[in-house]
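The values are calculated or read from the model by the stated rules, or taken from the named source; none is laboratory data. Computed from a predicted structure; not experimentally measured. For neighbour counting, all protein chains shown are included, and Cβ atoms are generated from backbone atoms with ideal geometry for every residue, glycine included.
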Amino acid sequence: MNCVGNGNNTEPTFEICNNCSPCKSINKGNFLDVIEVDAASRTGVDGIREIIDAVMYSPNNARFKVYIIDEVHMLSNAAFNALLKTLEEPPENVKFIFATTEIKKIPATIISRCQRFDLQRVDIDTLRTHLSKICESENIKFENDSLFQICKASEGSVRDALSLLDQAASLCQDDIKDEVVLNMLGLNGYEKNIELIELCLSNNCDKALKLYSEIIHNGIQPIQIISNLLEVCHLASKLNVIKVDASIPETIQKDILNISSFGLPKLVKAWQILIKSIEELKYAPNEEQSGSMTIIKLCFASILPEPAALLDELSNKKNTLETTVQSKTTEKPQNKEMLNTQQMLNVSNENQIDKIILEPDVIKNSKDELKESKSPKNFSEMLDLLLENKEALLHAQIINNAHLISYDVGLVKLRLNINTDIQILKKLSLALEQITKEKWSVLSSEEEGEKTIVEKQAIELDEAKEKIKSHKDVAEIFKYFPEAKISSIKDNN
């Protein structure tokens, strides 16, 4: 914004000279027209008012007066509202630069008045190359896998990577070793995490729990173990899909390939269990016990059938059942009986006779036929038959609204309560015909008839309550609590 070198005296430039007076002052941090504001410590409207008052003045000796507001999402709503008018119509010689890691917390009215630039994470290869150059220029020796672990732990942040590199160089006295970096990052014994997930996916619960306890004993926290297992699951799933991943270190690539051989469904199931256990660990009273339960869940989940295989099995069973039913219904019963009798008479082998006589499908079919032909002998059996055949709604309508006049097999007379749908009788007739395979007539009558089933039950309940009240112990209670009521009766036997 303010560089005047390289023959540029009139407008901003990308070709920064770092030799002109503004560049040198900005690099030293004593340039009066570049003001950095920490919004985290000045969240209120008062700090913004100072900026609004100051922007009216021209720059001291630069092209633009630049305000850099760091952690801008920490400003209050009142502060944002105070800044809004200045952002909408800023003075020509003033520029605002907002920096934030929480873009969702910035009001839409502010974002709409700014140019937005999203800074992306740096990929591991670029970051590792950058750290390698720094190590060469600083005469720091390193092992390749150590830089990979530092880059991975930094999660794409150059600042975090440099901090970890500085810490590792100090610990190793400028000779960075893989073992020291793994200890520093809490990843020591990473191969044990691979072994642990392999034991879980193999349903070797005993050894998996022993290895988990061993890792805990080495000082690794349960949350870190679960995170490591999640990473192994992720890498194995990637190799299962894309087959080759250059970002995986050669030292563990073979082991990760072995994990990927368990198949994607098992790995996805393990991932779901692990990701849920991360949340459970936060609220668990004992993290170590919660982690061990996660290991147990992983082991036993590995032997559960896969959804696709289960659906195929159910589909096959359904097709087999439909075929069996269809073949039985197309056969003529008389011809089948004659055939079975003829087979039994012509067979000389005793084992074959046993097989024919004790054939389970024949026995089951005959029982089903007997069951279908059985009609209810009384009104109570009829109601039970409705429930057995999932006619709960029709059953409820009958017991609440129908008064029995007379009952015979095939003929029922009922009186319905006022405002009751007359179609209930037709539905009952059709349901009984479908269940018993016989013709039923259900007629409406104006005779008084019996009370409804619900009314009978209410009378029986009242009688039972009165009987209980006559008991000496209960009578003593009502003596002291005359307003008490018996709401329900339960049989503990």
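Given the condition basic (Lys, Arg) and in the same structural domain as LEU165 (by TED's automatic domain parsing), answer yes or no: does some residue in segment 98-112 qualify?
Pass one, segment 98-112, residues basic (Lys, Arg): 104-105.
Keeping just the survivors that are in the same structural domain as LEU165 (by TED's automatic domain parsing) gives none.
No, the conditions are met nowhere in segment 98-112.
Tell me, which residue of segment 456-485 that is under 26 Å from SER380 (Cα atoms) and either in contact (Cβ under 8 Å) with a residue 12 or more places away in the chain or hydrophobic (A, V, I, L, M, F, W, C) (or both) is surrounded by the most Cβ atoms within 10 Å (Cβ to Cβ)?
Filtering segment 456-485 for residues that are under 26 Å from SER380 (Cα atoms) and either in contact (Cβ under 8 Å) with a residue 12 or more places away in the chain or hydrophobic (A, V, I, L, M, F, W, C) (or both), the one surrounded by the most Cβ atoms within 10 Å (Cβ to Cβ) comes out as LYS465.
Here is a list of conditions, (1) of a type outside the set (Val, Ile, Thr); (2) surrounded by 16 or more Cβ atoms within 10 Å (Cβ to Cβ); (3) outside the structural domain of LEU257 (by TED's automatic domain parsing), and CYS205 meets all of them except one; can you say which number that is?
(3)
Can you tell me which of (1) assigned to a loop (DSSP other than H, G, I, E, B); (2) in contact (Cβ under 8 Å) with a residue 40 or more places away in the chain is the one MET382 doesn't meet?
(1)
Exactly one of these conditions fails for LEU131: (1) in contact with a strand residue (DSSP E or B) (Cβ under 9 Å, 6 or more places away or on another chain); (2) outside the structural domain of VAL181 (by TED's automatic domain parsing); (3) at pLDDT 90 or above. Give me its number.
Only one criterion in (1) in contact with a strand residue (DSSP E or B) (Cβ under 9 Å, 6 or more places away or on another chain); (2) outside the structural domain of VAL181 (by TED's automatic domain parsing); (3) at pLDDT 90 or above is unmet by LEU131, namely (2).
Looking at SER445, SER441, SER488, which is the one that is touching a Leu at 6+ places or on another chain (Cβ under 6 Å) and either among the small types (Gly, Ala, Ser) or surrounded by 12 or more Cβ atoms within 10 Å (Cβ to Cβ) (or both)?
Details: SER445 fails: touching a Leu at 6+ places or on another chain (Cβ under 6 Å); SER488 fails: touching a Leu at 6+ places or on another chain (Cβ under 6 Å).
Selected residue: SER441, the only one of SER445, SER441, SER488 that is touching a Leu at 6+ places or on another chain (Cβ under 6 Å) and either among the small types (Gly, Ala, Ser) or surrounded by 12 or more Cβ atoms within 10 Å (Cβ to Cβ) (or both).
Here is a list of conditions, (1) at pLDDT below 90; (2) within 24 Å of PHE98 (Cβ to Cβ), and VAL34 meets all of them except one; can you say which number that is?
The single condition VAL34 does not satisfy is (1).
What about LYS65, is it in contact with a helix residue (DSSP H, G or I) (Cβ under 9 Å, 6 or more places away or on another chain), closer than 30 Å to GLY5 by Cβ and either modelled with pLDDT of 85 or more or among the acidic types (Asp, Glu) (or both)? Steps first, please.
On the way: in contact with a helix residue (DSSP H, G or I) (Cβ under 9 Å, 6 or more places away or on another chain): yes; closer than 30 Å to GLY5 by Cβ: yes; either modelled with pLDDT of 85 or more or among the acidic types (Asp, Glu) (or both): yes.
Against the criterion (in contact with a helix residue (DSSP H, G or I) (Cβ under 9 Å, 6 or more places away or on another chain), closer than 30 Å to GLY5 by Cβ and either modelled with pLDDT of 85 or more or among the acidic types (Asp, Glu) (or both)), LYS65 qualifies.
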